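Data block below; observations after.
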Amino acid sequence: MATIEEYIPIVGQAVVDDLRLLATRLQGKSILNVNSTSVGGGVAEILTRMLPLLQEIGVSARWDVIKGGNQFFEVTKKFHNALHGRPTEITAKDFDVFIETGRANIAEMQIDADAVFIHDPQPIALIQKKKDNNWIWRCHIDVSNPNREVWDFLRGFISQYDAAIFSAPQFSQELSIRQFLISPSIDPLSDKNRELPESTIDKVLEKYGIERDKPIITQISRFDRLKDPIGVIEAYKKVKRYHDCQLILAGGGASDDPEGIQVLEEVRNRAADDKDIHILLLPHNDIEVNALQRASDIILQKSLKEGFGLTVAEALWKGKPVVASNVGGIPLQITHKYSGLLCYSVDGAAFAIKQLLNSPEYARKLGENGREHIKNNYLLTRHIRDYLLLYLSLIHQQDIVYL
Amino acid sequence: MNSFATAREPFRFYTRMQLAELTGLKASNLEELLYYIKQVPTSSIYQHTHRYLQQHQYVSPEPPNDFAYWVSETLKESELAEELASIDTIQYPTLRSLREKIILTIENHLSLHPKLRQKNAPDGHDFYFVKSVNFILPTNYVATNLHEFTELLKKITLDSIYFHIFEARLRLEKGTNDFSRWIETSVGDKELADRIAQLDPYTHTLEHLRGTIIKRITYSTVKV
């Protein structure tokens with residue numbers, strides 16, 4: 001795991017100095033993070049990398065995981081879908097299962113930290129252990145249009161917290177507690193984002209039979225209708241009439257997801273026998289994703305709905321011009337015509353891709369601006385800083401705080 | 001001016017870090033935008049007129065303020081967007097006066113084009129009001145003369161430059177920037193202080209601003 005010193009060549013000495021400075025203001029305080037899994041998923045990924053860095057700069061930070069059986073996690077999966085606004089049937093028994101598991105964790109877990117960060121709905125009931133310490137609910141989900149029944153149920157817990165954190169302004173809800181905007185981040189030193197030698201990129205392309213003889217347009221995402229892979233192929237076909245280019249649609253395995261298998265089939269049918277469309281069902285391999293992004297000339301993220309859309313940050317960090325839908329957290333990452341191009345439709349995406357292929361200099365500038373934007377706002381060091389500031393803002397409640 | 005001459009008072013660099021707090025307020029048309037611009041705390045006006053300076057520190061050309069960007073990209077009202085983008089922020093010594101100017105600009109435009117009042121943004125593309133919570137901390141960087149000052153200026157974060165130039169001038173209503181004040185009162189070089197105060201910080205990226213200030217100091221010390 002990378003040390004804090006290794007971030008200095010990327011973000012600068014002063015940014016790390018600032019983190020150390022903040023840590024001194026939290027001396028003697030302890031922070032506990034609680035989520036529902038120690039491996040897999042974005043939250044565990046971020047905490048795995050963040051915790052050692054927090055400890056290294058002198059913050060007493062820990063991470064704990066709640067326990068729950070299959071039944072509990074089936075319910076929380078339903079909650080997750082419902083909070084995303086998908087039609088989901090929730091029964092009274094589901095709420096009972098949730099409350100019962102919450103009760104068991106309350107009885108079992110020791111929570112004596114000064115600040116407790118609870119991630120997502122699964123451990124939310126732990127708030128009943130609140131004493132005179134600070135509790136923060138960190139919501140990683142797009143709750144801009146939640147199922148009201150589930151949201152109202154959760155609201156009963158949320159209102160007992162001191163503050164809530166959302167990843168994008170449109171996810172915030174009417175709440176009686178303070179709400180903060182903290183976006184997620186990417187780790188520039190992880191396998192998915194670190195610099196790669198050209199030979200590694202070449203090997204990955206060779207493995208998938210992709211040549212660099214024409215511009216590569218890529219969308220990395222699981223095969224899910226919300227990522228609009230069919231729309232991506234439509235946009236590519238519109239571009240292909242004028243520019244000889246190739247398309248990579250690459251995403252993770254879908255073996256346990258019946259809908260994913262169906263979507264993959266539809267995508268393959270739509271691509272038909274076009275040899276310039278590469279549909280890659282990737283194993284979980286961050287280096288391969290990294291290599292494909294780096295080999296691309298343009299990155300697409302034509303989602304119909306998106307949480308934050310960190311694949312956009314990953315692409316921009318690699319200096320790539322990005323064409324992405326104006327949904328979820330994407331407009332926070334792309335300022336239209338300054339650090340990428342936003343679109344609303346297949347035609348809009350095709351038009352934007354053509355613009356970039358016609359104007360490589362403009363494309364280069366957008367990529368360059370995008371990289372700087374990510375460097376300043378969406379790297380792990382900024383994320384750590386925001387968590388520390390959030391805790392400090394609960395101790396000092398003014399708009400301007402002198403420390 | 002001898003850049004090694006000891007200043008009367010040392011200059012300690014501060015750093016400023018910002019956290020965005022959601023207000024829960026949102027506007028879907030110009031009427032609502034105007035209503036909330038009048039209501040929100042000045043820390044929200046500050047956030048939406050200065051965020052782009054911090055978040056897009058290197059982005060060139062620089063995007064306009066949040067109000068202008070939303071009016072342009074979401075409401076597609078380029079005329080009003082241009083008027084909002086071209087508000088000369090530096091002319092307004094306080095956030096209250098800046099707010100008044102934004103209100104006046106929108107009101108004037110709406111009086112000429114009353115139909116625009118309720119032209120709605122597409123679903124999900126409302127304007128969300130955010131306010132900034134600022135944390136100000138002294139750093140360990142202290143300059144006792146202009147030479148040290150220039151060397152430290154190369155090292156400090158853009159947040160620190162931001163604090164000494166923008167935060168001091170506008171949000172804390174200090175009138176001038178901290179660098180000019182120190183150079184005038186402690187170094188005793190009013191000409192250099194004025195030359196730095198004359199810079200329009202809003203037309204530079206912060207990195208460019210850093211370079212320009214360093215150049216002006218170096219030029220002034222070499223000249224002598």
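Evaluate region A:62-69: report whether one residue or more is crowded, with 17+ Cβ neighbours inside 10 Å, more than 14 Å from every other protein chain (Cβ to nearest Cβ) and under 26 Å from A:His396 (Cα atoms). Steps first, answer last, please.
First, pick out the residues of region A:62-69 that are crowded, with 17+ Cβ neighbours inside 10 Å: A:63-66, A:68.
Now drop any that are not more than 14 Å from every other protein chain (Cβ to nearest Cβ), which leaves A:63-66, A:68.
Add one more test, that the residue is under 26 Å from A:His396 (Cα atoms), and what stays is A:63.
Checking region A:62-69: at least one residue is crowded, with 17+ Cβ neighbours inside 10 Å, more than 14 Å from every other protein chain (Cβ to nearest Cβ) and under 26 Å from A:His396 (Cα atoms).
Identify, please: which residue in region B:154-180 is within 14 Å of chain A (Cβ to nearest Cβ) and either at pLDDT 95 or above or outside any helix (DSSP H, G or I) (or both) and is, among those, nearest to B:Ser3 (Cα to Cα)?
Among those residues, the one meeting the criterion is B:Ile156.
Applying the selection to region A:159-175, what residues are under 12 Å from A:Ile136 (Cβ atoms) and within 7 Å of chain B (Cβ to nearest Cβ)?
Residue satisfying the conditions is A:Phe166 alone.
Please list, ordered by first then second residue, the pairs with beta carbon atoms under 6 Å, 6 or more apart or interchain, first in region A:314-339 and at the interface with chain B (Cβ under 10 Å from one of its Cβ atoms), second aliphatic (A, V, I, L, M) and in a strand (DSSP E or B).
Here the result reads A:Asn326/A:Leu342; A:His336/A:Leu342, each pair linking region A:314-339 to a residue that is aliphatic (A, V, I, L, M) and in a strand (DSSP E or B).
For region A:124-238, which strands (runs of 3 or more DSSP E) that fit wholly inside it have 2 or more residues that are open to solvent by less than 10 Å² (accessible area, probe 1.4 Å), touching a residue at least 40 places away in the same chain (Cβ under 8 Å) and β-branched (Val, Ile, Thr)?
Qualifying strands (runs of 3 or more DSSP E): A:216-220.
Would you be able to say whether some residue in region A:257-265 is assigned to a loop (DSSP other than H, G, I, E, B), at pLDDT 95 or above and open to solvent by 40 Å² or more (accessible area, probe 1.4 Å)?
Checked against the condition, which is being assigned to a loop (DSSP other than H, G, I, E, B), at pLDDT 95 or above and open to solvent by 40 Å² or more (accessible area, probe 1.4 Å), region A:257-265 yields no hits at all.
Can you find even one residue in region A:366-377 that is away from every other protein chain (no Cβ under 11 Å) and either without any contact (Cβ under 8 Å) to a residue 40 or more places away in the chain or in contact with a Gly (Cβ under 8 Å, 6 or more places away or on another chain) (or both)?
Yes, there is a match, as at least one residue in region A:366-377 is away from every other protein chain (no Cβ under 11 Å) and either without any contact (Cβ under 8 Å) to a residue 40 or more places away in the chain or in contact with a Gly (Cβ under 8 Å, 6 or more places away or on another chain) (or both).
Is it fair to say A:Ala315 is touching a strand residue (DSSP E or B) at 6+ places or on another chain (Cβ under 6 Å) and small (Gly, Ala, Ser)?
So A:Ala315 passes the test.
A:Met1 versus (1) within 29 Å of A:His373 (Cβ to Cβ); (2) in contact with a strand residue (DSSP E or B) (Cβ under 9 Å, 6 or more places away or on another chain); (3) part of a loop (DSSP other than H, G, I, E, B): which is the lone unmet condition?
So the condition that A:Met1 fails would be (2).
Show me the helices (runs of 4 or more DSSP H) found entirely inside region B:23-141 where at least 2 residues are within 12 Å of another protein chain (Cβ to nearest Cβ).
Those helices (runs of 4 or more DSSP H) span B:42-55, B:66-73.
Let me confirm something: among B:Glu100, B:Glu73, B:Glu83, B:Glu77, which residue is under 19 Å from the mean Cα position of the chain (by Cα), crowded, with 17+ Cβ neighbours inside 10 Å and charged (D, E, K, R)?
So the residue among B:Glu100, B:Glu73, B:Glu83, B:Glu77 that is under 19 Å from the mean Cα position of the chain (by Cα), crowded, with 17+ Cβ neighbours inside 10 Å and charged (D, E, K, R) is B:Glu83.
Quickly run through region A:378-402 and pick out the residues that are touching a residue at least 40 places away in the same chain (Cβ under 8 Å) and among the β-branched types (Val, Ile, Thr). It would help to see each step written out before you state the result.
Of region A:378-402, the ones touching a residue at least 40 places away in the same chain (Cβ under 8 Å) are A:378-395.
Within region A:378-402, A:Thr381, A:Ile384, A:Ile395 meet the criteria.
Of everything in region B:3-22 that's open to solvent by 10 Å² or more (accessible area, probe 1.4 Å) and at the interface with another protein chain (Cβ under 10 Å from one of its Cβ atoms), which residue is farthest from A:Leu181 (Cα to Cα)?
Checking each candidate, the answer is B:Tyr14.
Among (1) crowded, with 17+ Cβ neighbours inside 10 Å; (2) within 14 Å of chain B (Cβ to nearest Cβ); (3) closer than 30 Å to A:Val39 by Cβ, there is one condition A:Leu304 misses while meeting the rest; what is its number?
(1)
Is it fair to say A:Asp347 is open to solvent by 40 Å² or more (accessible area, probe 1.4 Å) and within 17 Å of A:Ile248 (Cα to Cα)?
In short, no.
Working only within region A:308-344, note down all residues that are open to solvent by 20 Å² or more (accessible area, probe 1.4 Å) and within 14 Å of the chain's Cα centre (by Cα).
Hits for region A:308-344 are A:Leu310, A:Thr311, A:Val327, A:Pro331, A:Leu332.
Keeping to region A:32-58, report how many residues are open to solvent by 10 Å² or more (accessible area, probe 1.4 Å), at pLDDT 90 or above and not in a helix (DSSP H, G or I).
Going through region A:32-58 one residue at a time, the tally reaches 3.
May I ask you to say which residue of A:Asp399, A:Asp297 is more than 10 Å from chain B (Cβ to nearest Cβ) and open to solvent by 10 Å² or more (accessible area, probe 1.4 Å)?
On the way: A:Asp399 fails: more than 10 Å from chain B (Cβ to nearest Cβ).
Result of the check over A:Asp399, A:Asp297: A:Asp297.
The values are calculated or read from the model by the stated rules, or taken from the named source; none is laboratory data. All figures in this text were calculated on a predicted structure; none of them were measured in a lab. Here Cβ is always computed from backbone atoms with ideal geometry, including for glycine, and neighbour counts include all displayed protein chains. In case anyone asks, the SASA skips ligands and DNA or RNA and just uses the protein heavy atoms, side chains included. Shrake-Rupley method; radii C 1.70, N 1.55, O 1.52, S 1.80 Å.
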